[in-house]
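The values are calculated or read from the model by the stated rules, or taken from the named source; none is laboratory data. Being a predicted model, the structure only gives us computed values, none of them experimental. Because the Cβ atoms are built from the backbone with ideal geometry, glycine has one as well, and the counts that use them run over all protein chains shown.
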Amino acid sequence: MKVTKENLSLEKAIEREWIITNGLGGYASSTILGINTRKYHGLLVAPLMPPAGRYLILSKLDESITLGDNNYTFYSNIGKNYISKGYKYQISFEKEILPKFTYEIEDVIIEKVICLEHGKNTVGVYYKIKNGENKAKLTLAPVMNFRDFHTMNTDHNFNLRENINGKKVKIIIDDHIQTPIYMNISDGKYIEHNNDIFSNMFYIEEEKRGFYPEENHVVPGRYEIDIEPNEEKEISFVCSFEENIEEINVKKMMKKEEKRIEEMISKTKLISLSSRNKEKNELIRKLVIATDNFIVFRPSFRLHTIIAGYPWFLDWGRDTLIAFEGLLLKQGRYDIAKEVLKTMIRDIKYGLVPNGYSGFDNRPLYNSVDASLLLFEDVKKYLDYTKDEKFIQEEVYAKLETIINNYINGIDIDNNNIYLDTSDYLLVSGTENTQNTWMDAKIGEYAVTPRNGKAVEVNSMWYNSLMIMAELTNKMGQKSNVKKYKQLAENCKISFNNRFYNARRKSLYDVLGDSKIRPNQLFAFSLSYPIIDPNSEIADNVINTVEKKLLNQYGLKTLAKGEENYVEIYEGDGKKRDMSYHQGITWTWLLGLYYNTLKNKEKHTKLKKQKQEIKEKIENFRNKTLETFKKEIDERGCIGGIAELYDSKKPFAPKGAINQAWSVSEILRIIVEE
């Protein structure tokens, strides 16, 4: 995807972002003008406890060039009261795999490419300069820090220490941080600076989010590179935790990364060799590249895991399991899928799959009722794709038994308050002060959408899990227990069908006693074992209600317009945003529920005419989704990515995390399936 000069105006371009990742949870990200608008932006954001403990190391490189008697700065920065306008020399930005900036200054063309080394905390910046008639001098000034990426540094006193060995520099940013940073360049000389502080870098996106928007960085020195008239020169800058930095070849690093991505795309076999659907192939390619951002290695487990979204999320159990099929199974990445399942079952406690791990000490966090139930659906899908019964039998099945038994007997860890009500065989979960479903916004001790009680998706997943358990138990040859699981499932289904339908609103209760119209009711029709017949009159009424009140081209709204506390614009400080997070804002991943519901309608109908009508509806939906997101990832938000959520009124602006795993996963899954 290429952005040309006419579309590089400041107002539009600072809303376009890019991101590349290193497979450990680290990343490089900024805007297409190179202006950092978030505290999370930087050329090297490195995890010290992969994928957690992410620290901003290299904020950016400020570049200038001297041509004859004229000096030009072609970097761009925003301060509270100033803008450095190097972007006026930028003639294009493009990114498919790696971000590439092109500048034109007098008769000089400068190309810049940024690359991360996969599996290491190393960034390389490659410059290719075609000089004109004048002798030139290129200057690169690294703007650095060493702070947790959630925080900001407003202290001028960095106590910088440098050990300079020619072009190689070892830097200790502060006395209390002993981890050294290394820099090197392929050509030129290094000139040390003394107490050079970049003061008050202004982050416009943080101000919008209600945070203090300014911070200080340190500029330890600068590299100067001479370029002769009419010379073409290649220059490589490296910043890394690796001590042998002088051995790192950035050009080889770039080629290696591009080859890795191309091989990954080829192995998925998702792109048709036919040219009949060029637009579809282009979108699939971009989405597959995007999926690679989320698949990371957790060295402490020696297993892969899935990052929920960038820039600020870590690996969350619920998000991982929802994104599992599109990110891994649909692409044939079965070995990694197995590792991710091992990650999910590794720390099950009292029947609970961790909903994540602490970013400070890797401690598992147990605040989810649904992650354990989503695991059953993914185990079934894993088996459907791989037929790997041996792995499930030897390593997974006993964990699933533990989950079922604990949910029946009751779990009260971290106030989850999960238990089976034996009067109706429906699952109860949560309290007024907990947020253990996916609608998990919490402000202090106040849960915005607690949804405690008998929630619609929890019981839909409970029924589905029991039916899958019966299926697996039968495969494992333990036929005596099959009847037990099927009977529990049947009891749940009878109560659910009797109690959850709200005839007045033609929808399902979100929680028994709560008639708000939310998208969670689609879980009743969208799983492997739907708890309500997808072709029943109830299903038709519910789907019609969802389509009229929740569905738009970017996802499903989390609450219908007209309901109490409905909000359709995601904006403001943290409290205001959290109050709106699941109160009407559109989430893209929910399109997957709607899509699965239509597929189940097609699967379960025996009427030929009805099946054909549903097929046509699915195809129309798929085409509309293709059209929407092909345009979206090229023209708005994060180039090549899909945002966490969207406003629920025109122009449906992308909001939240700039690139979200389950958003990318579900759109890819919808697009590639036939």
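Tell me, please, whether a residue that is assigned to a loop (DSSP other than H, G, I, E, B), over 30 Å from the mean Cα position of the chain (by Cα), of a type in the set (Asp, Glu) and loosely packed, with under 15 Cβ neighbours inside 10 Å can be found in region 156-177.
Looking for residues that are assigned to a loop (DSSP other than H, G, I, E, B), over 30 Å from the mean Cα position of the chain (by Cα), of a type in the set (Asp, Glu) and loosely packed, with under 15 Cβ neighbours inside 10 Å, one finds at least one in region 156-177, hence yes.
A quick yes/no check of all residues on (1) surrounded by fewer than 24 Cβ atoms within 10 Å (Cβ to Cβ); (2) out of contact with any helix residue (DSSP H, G or I) (no Cβ under 7 Å at 6 or more places or on another chain):
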site: Gly453; (1), (2): yes, yes
site: Tyr463; (1), (2): no, no
site: Lys483; (1), (2): yes, yes
site: Leu488; (1), (2): yes, no
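Can you tell me which residues in region 22-35 are closer than 19 Å to Phe313 by Cα and either in a loop (DSSP other than H, G, I, E, B) or aliphatic (A, V, I, L, M) (or both)?
Asn22, Gly23, Leu24, Gly25, Gly26, Ala28
Please find, within region 246-265, the residue that is surrounded by the most Cβ atoms within 10 Å (Cβ to Cβ) out of those that are touching a residue at least 60 places away in the same chain (Cβ under 8 Å) and more than 25 Å from the chain's Cα centre (by Cα).
Per the criteria, the residue is Val250.
Within region 68-75, identify whether any single residue is part of a strand (DSSP E or B), of a type outside the set (Asp, Glu) and buried (at least 20 other Cβ atoms within 10 Å of the Cβ), and answer yes or no.
no
Can you pull out every residue in region 662-674 that is crowded, with 24+ Cβ neighbours inside 10 Å and under 11 Å from Thr588 (Cβ atoms)?
Trp662, Ser663, Val664, Ser665, Glu666, Ile667 - these are the residues of region 662-674 that are crowded, with 24+ Cβ neighbours inside 10 Å and under 11 Å from Thr588 (Cβ atoms).
For the subset of region 354-409 comprising residues that are surrounded by fewer than 16 Cβ atoms within 10 Å (Cβ to Cβ) and of a type in the set (Phe, Trp, Tyr), which member is nearest to Ile468 (Cα to Cα)?
Once the filter is applied, the top-ranked residue is Tyr385.
Residues being crowded, with 18+ Cβ neighbours inside 10 Å, outside any helix (DSSP H, G or I) and out of contact with any Leu (no Cβ under 7 Å at 6 or more places or on another chain): count how many of those fall in region 76-86.
Number satisfying all stated conditions: 2.
Considering only residues that are closer than 17 Å to Tyr594 by Cβ, outside any loop (DSSP other than H, G, I, E, B) and either of a type in the set (A, V, I, L, M) or not assigned by TED's automatic domain parsing to the domain that holds Glu325 (or both), which ones fall in region 528-583?
Of everything in region 528-583, those that are closer than 17 Å to Tyr594 by Cβ, outside any loop (DSSP other than H, G, I, E, B) and either of a type in the set (A, V, I, L, M) or not assigned by TED's automatic domain parsing to the domain that holds Glu325 (or both) turn out to be Ile538, Ala539, Val542, Ile543, Val546, Leu551, Leu556.
Return the residue satisfying two criteria in turn: it lies in region 2-30 and is touching a strand residue (DSSP E or B) at 6+ places or on another chain (Cβ under 6 Å) and of a type in the set (A, V, I, L, M, F, W, C), and of such residues it is surrounded by the fewest Cβ atoms within 10 Å (Cβ to Cβ).
Leu8
So, of the residues in region 440-476 that are closer than 27 Å to Asn491 by Cβ and not in a helix (DSSP H, G or I), which turns out to be modelled with the lowest pLDDT?
For region 440-476, the residue satisfying everything is Met476.
Report, by residue number, each residue of region 87-101 that is among the aliphatic types (A, V, I, L, M) and either surrounded by 23 or more Cβ atoms within 10 Å (Cβ to Cβ) or assigned to a strand (DSSP E or B) (or both).
Across region 87-101, the qualifying residue is only Ile91.
Mind checking which residues of region 600-626 are touching a residue at least 60 places away in the same chain (Cβ under 8 Å) and within 22 Å of Leu550 (Cβ to Cβ)?
Asn600, Lys601, Lys624, Thr625, Leu626
Could you please tell me which pairs satisfy a Cβ distance under 9 Å, a separation of 6+ or placement on different chains, a first residue in region 230-243 that is surrounded by fewer than 16 Cβ atoms within 10 Å (Cβ to Cβ), and a second residue that is in a strand (DSSP E or B) and of a type in the set (D, E, K, R)?
Taking only residues 6 or more apart or on different chains, the pairs are Asn230/Lys130; Glu231/Lys130; Glu232/Lys128; Glu232/Lys130; Glu234/Lys128; Glu243/Lys170.
Of the conditions (1) within 30 Å of Tyr529 (Cα to Cα); (2) at pLDDT below 95, Glu635 satisfies every one except a single condition; which number is it?
With respect to (1) within 30 Å of Tyr529 (Cα to Cα); (2) at pLDDT below 95, Glu635 is out only on (1).
Quick one: in region 300-323, which of the residues that are outside any loop (DSSP other than H, G, I, E, B) and free of Cβ contacts under 8 Å to residues at least 60 places away in the same chain is nearest to Trp662 (Cα to Cα)?
Leu321
Need the failing condition index for Lys606 against (1) crowded, with 19+ Cβ neighbours inside 10 Å; (2) modelled with pLDDT under 95, just the number.
Lys606 satisfies all of (1) crowded, with 19+ Cβ neighbours inside 10 Å; (2) modelled with pLDDT under 95 except (1).
Would you please name the residue that is farthest from the chain's Cα centre (by Cα), looking only at residues in region 600-634 that are in a helix (DSSP H, G or I) and within 18 Å of Ile538 (Cβ to Cβ)?
Gln610
Can you find even one residue in region 39-52 that is assigned to a strand (DSSP E or B), in contact (Cβ under 8 Å) with a residue 40 or more places away in the chain and farther than 18 Å from Ile181 by Cα?
Yes, there is a match, as at least one residue in region 39-52 is assigned to a strand (DSSP E or B), in contact (Cβ under 8 Å) with a residue 40 or more places away in the chain and farther than 18 Å from Ile181 by Cα.
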